[in-house]
Amino acid sequence: MSFANPIAWFLALAAGPIIVFYILKLRLRRLPVSTNLFWKQIYDEKPPRSIWQYLRHLLSLLAQLLLVAFLVAAVADPFFAWQLLEARRIVVVVDNSASMRARDIAPTRLQAAIDSAKSLVEGLRYRDEMAIVLAGPRPEVVVGMSGHVPTLKRALDEITPSDNPTDVQSAIELGRQLIGEHPHGEVVVVTDGCWNATVKPEGGKEVKLEAKLAPVTYRVFATESANVGITQFQVRRSLIDPLGYEVLIAVRNAGPSEVKCRVEMELAGLPVDILPLTLKPEENWSRSLEKSSLEGGRLVAKLTQVAPAASVSDDKPAETLAALNLLPTDDTAWAVLPEREIQNVLLITEGNLFLQKVFEANPLVRVETRKDFPEQWPADTLVVLHRQVPPTLPAGNLLVVDPTGSCDAWEVGETIENPIVTELDSTSRLMTYVRLDNVLMPESKQLKYKSLPKVLAGAISKDAIYAEVTRANGKCLVLTVNLDRGDLAFRTAFPIMVANALGWYAGETGELRESLATGSITEVNLGLASDVKVSAPLLRSPSGREQALFPPADGETKKNTEDTGTEAPQAASSISVGPLDECGVWTVVKSASEAETPLMSLAVNLASARESDLRPLKEVSEQSATESVVSNWLARPLWFYLLFAACALFLAEWFLYQRRVIT
């Protein structure tokens, strides 16, 4: 036996004063009395004793000395050598992924796993150590190696479910690093086995573990439950139809039975479509839908299961339906549809019906037509100049069609009689779905630009038919085609060119605003100047959690995120946010005000076919172990038992003294 604090044995010297005070003869006080007859009789019955006669009754003295011995030994902290040699280092890996929310094991898989981990904590022996690692997209050490049971239990109680996928293998490797080369190390994984990995049997021929690595034990909390979930949901604005948008949705039936269900879609709270589905076993269903709406907002898809085909019994239909809705996380998906803004267009022309109607036919355009130049050019308006060109081009966005005069940006040259387009910039969004083959464009103008333009459509003579002119005070496109003489106005390419130009001027991509998967990290573009100080924007989760996107500047006091006056220097107009660990719509707001319009919205979905499949990996289930790490009777240190014995002895001695058993 060894002692962690052997110097405590010097406290045993306290036994000396106890013995001295025990045998010390008491001095009697002298008091005058009327007679000593009775006192003499008592004195004869109990004659005075010598010092050594005080030791005739040793029970009280031994009890006090034994009490001191117990206390001193407890302070010295004794331990056996085998307690050090056989001490264990255990790492518990807790899987809190989205599939752990399933309710096939009451109350949830995660809670059952946490309860099992607590039983491991209670089974720790003296000198054992345990660490807790949270498995997620990136493993996280919740508690390092510790033998303090309350701390470990408190850490387990603080673990909450998430909508993230999980990387259990990385968490296992992290756990092995915490154990190191300890001879009695072990990694215990509490999981449902619903993660993408290939697990090799520990006792088989395909064992990949090295001899020095700690063994892994799996505790699986899952059943072979069927589940139907939305595995993909995306939306984007149409590149052709200014009001249209396209929806991509995918649903998976992860079960052995055919299931009837339906998908209900809503845009800004209004119904969009209802899709009845009959999914075969293990079927992955997907569909691309075309819809139209001027307004944007949150597009929500909800999966409602009608019934499992030919599997619902008449007596227990509700139980069967409940078994198919075990994971609510993948029954709802979100997407963000960008709104379309109305554009103001000022058309200056002496008269061209085709040019006027191509703008009026666009529902996103408000057109004003006039024949002469205004006294003051309007702001936030696209100015379309047909033939007439002022000497100095106005600031702002410009579209010039068939210019007949020179200006500060170009000089008008000769007329090109019948140009043939041989060059198209197919990489530019301005030329998306545009073809100018065999288009008659007689009497096109030859322009000599004062700065090199970007040619979108060029003739065989190297002249620019359609070009983007670089300006410091606005965007500018120039089309040198005579619409009255050619047939471009009759071709489908003309309205497509105008629609592309309107989207380009508005700054809209018209493309995919991607719905992200849980656990993602994305770049948020706030559109702010790098040298501007603004109220620190907040990232707000679907459940209302808020996180400041910018840390406080050096030397500044960090303020609470609820303080709407928090300011921080803007280092850049974009910043990385994430990981986004909750399904729903995340928003970036300027402050903590509830009514404030968000700067940006991010749709986050589970979007994981593996997490929607609630059936555990076969390899993990085969290695699942349920036995607990049981402690022996020396689960606590020896000083605990010594202190307990000292308290018991103290109570016994007090009881005997009160009962006058000890004389």
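The values are calculated or read from the model by the stated rules, or taken from the named source; none is laboratory data. Keep in mind it's a predicted model, so treat the numbers as computed, not measured. Cβ placement follows ideal geometry from the backbone for every residue including glycine, while neighbour counts extend to all protein chains displayed.
Brief remarks on what is shown
- Elements of the type strands (runs of 3 or more DSSP E) sitting completely within the range 256-316 and holding at least 3 residues that are polar (S, T, N, Q), touching a helix residue (DSSP H, G or I) at 6+ places or on another chain (Cβ under 9 Å) and at pLDDT 90 or above: there are none.
- Where a residue in the range 393-407 is closer than 15 Å to Trp504 by Cβ and its partner, wherever it lies, is in a loop (DSSP other than H, G, I, E, B) and aliphatic (A, V, I, L, M), with Cβ under 8 Å and at least six apart: Gly396/Ala379; Val400/Val389
Okay, residues lined up against (1) within 54 Å of the chain's Cα centre (by Cα); (2) of a type in the set (S, T, N, Q); (3) at pLDDT 90 or above:
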site	(1), (2), (3)
Ile416	no, no, no
Leu424	yes, no, no
Arg429	yes, no, no
Val434	yes, no, no
Lys445	no, no, no
Val455	yes, no, yes
Val469	yes, no, yes
Thr480	yes, yes, yes
Asp487	no, no, no
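- The condition of being touching a residue at least 12 places away in the same chain (Cβ under 8 Å) and in a strand (DSSP E or B) holds for only one of Ile105, Ile132, Ile114, that being Ile132.
- The residues in the range 123-140 that are out of contact with any helix residue (DSSP H, G or I) (no Cβ under 7 Å at 6 or more places or on another chain) and either of a type outside the set (Gly, Ala, Ser) or outside the structural domain of Val93 (by TED's automatic domain parsing) (or both) can be counted, and the count is 7.
The rows are residues; the columns are (1) over 25 Å from Pro338 (Cβ atoms); (2) in a loop (DSSP other than H, G, I, E, B).
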site: Leu477; (1), (2): no, no
site: Asn482; (1), (2): yes, yes
site: Ala489; (1), (2): yes, no
site: Phe494; (1), (2): yes, no
site: Ala501; (1), (2): no, no
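- In the range 364-387, the residues that are among the aliphatic types (A, V, I, L, M) and either touching a residue at least 60 places away in the same chain (Cβ under 8 Å) or closer than 19 Å to Cys407 by Cβ (or both): Leu364, Val365, Leu382, Val383, Val384, Leu385
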